[in-house]
Amino acid sequence: MPAFNSNDFIPVSQWPTLEELAIGFAEHLMPASSALAGEAINIIFDGDISISHHFTTESSLSWEVNTGAQKGIRGKHDYKAFEVRPGIFFVDFYKPEFEEHVSFVWGRSTGQVIAGLSKLAEVEGQRRTKTDFLQGQTATFPDAEHFPETDELVGRHIVYRYSSKDAYEHVYLNRGTLTWHCLSGTEKGLADTEFCRTFKLSDQLYLLFWTETIMPVESIVVVDLQKMRSTGRFYCWDPKPQRVVRMLFGSYATHLAKTDAAAMAASYPLSQTQGNSASRI
């Protein structure tokens, strides 16, 4: 990769491949949990989609669709589960026969479930990832509420350290937009502004999703602002080596600031700012 000044704009032609990016990102991933081994749950998603999951061991699960046009479809796959808070699990597995990456959060004591289903799709002539979210509940909690979308990250400035060399800052601009900037590591100096969604899982615990514009990658991450950690994955089609790249990652986080720029702007009438354009240059 050509040398560049990380304080300058970096042309896309000099961006690394996603495989190069992925090296070392699991360094700060929390240990996987074996707590689900032997457990079986039936998840009822919106639209009366029922899928049973049996965690046969600490690393293998089987699943079967119980309703609808896909009734009877089943599979068995390796999985990893992370207990991001006591009784709240982030479960991640890949269905190679469907080219589908599944990540779901399950609240054992509430029955709440939210799943992100990521598949490959052709978008404007390019192969990219497309993620859909399903909300539901386990059959034993028929009245469980959905995890709500939230704007509680808006205005926050957070640094995530994924490894001893890789650090990124996020600034959450509004409910659907974040800006990331690589401070150190393989992508040092790269930055972009992306579409995002945020769901509140518990107090200061969030499920964050974003899709990148330049790289065909989508990420699903649990962000814990009490423990100051994140746990998640990305799934993508890497256009340079022409293959799927999947990765689990974790980080230690540092909360730098929380601002309310919109409220500040609203507090200054237009008449007070007219004639002061020089100060904004």
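The values are calculated or read from the model by the stated rules, or taken from the named source; none is laboratory data. This structure is a prediction, so every number in the text was calculated from the model and none was measured. Cβ atoms come from the backbone with ideal geometry, glycine included; neighbour counts cover every protein chain shown. Side chains included, ligands, DNA and RNA excluded: accessible areas come from the protein's heavy atoms. Shrake-Rupley method; radii C 1.70, N 1.55, O 1.52, S 1.80 Å.
Structural remarks
- Amide H contacts under 5 Å for Met228, placed H, 5+ residues apart: none
- Note that segment 141-281 shows a convex hull volume over its alpha carbon atoms of 164 Å³ per residue.
- Around Ser34: net Lys/Arg minus Asp/Glu count, Cβ-Cβ under 12 Å: -2
- Members of Lys76/Lys130; Lys76/Lys119; Lys80/Lys188; Lys119/Lys165; Lys95/Lys227; Lys76/Lys227 lying beyond 25 Å, as alpha-carbon distances in this model show: Lys80/Lys188; Lys119/Lys165; Lys95/Lys227; Lys76/Lys227
- Relative contact order (%) - segment 24-259, alpha-carbon pairs under 8 angstrom, separation at least six: 16
- Vicinal HN-Hα couplings computed from phi for segment 29-38 (Karplus, 6.51 cos²θ - 1.76 cosθ + 1.60; Hz; Gly/Pro x): 5, 5, x, 5, 9, 9, 5, 8, 3, x
- Spatial offset of segment 194-263 relative to segment 103-136 amounts to 13 Å, using the alpha carbon center of each.
- Stretchable slack from Asn42 to Leu117, in nm (0.36 nm times residue separation minus alpha-carbon distance): 25.3 nm
- Globularity index of the chain, i.e. its alpha-carbon radius of gyration over 2.2 N^0.38 Å: 1.09
- Per residue accessible area in Å² of the chain, where ligands, DNA and RNA are left out and the probe is 1.4 Å: 49
- The length gained on full extension between Asp260 and Arg74, counted as 0.36 nm times the residue separation minus their Cα-Cα distance, comes to 62.2 nm.
- Counting only aspartates and glutamates at least 8 places from Lys258 when in the same chain, those with an alpha carbon closer than 17 Å to its own are Asp151, Glu152, Glu169, Asp203, Asp224.
- Charge dipole (segment 24-259, unit charges on Cβ, about Cα centre) - positive-most of Pro31, Leu208, Ile44: Pro31
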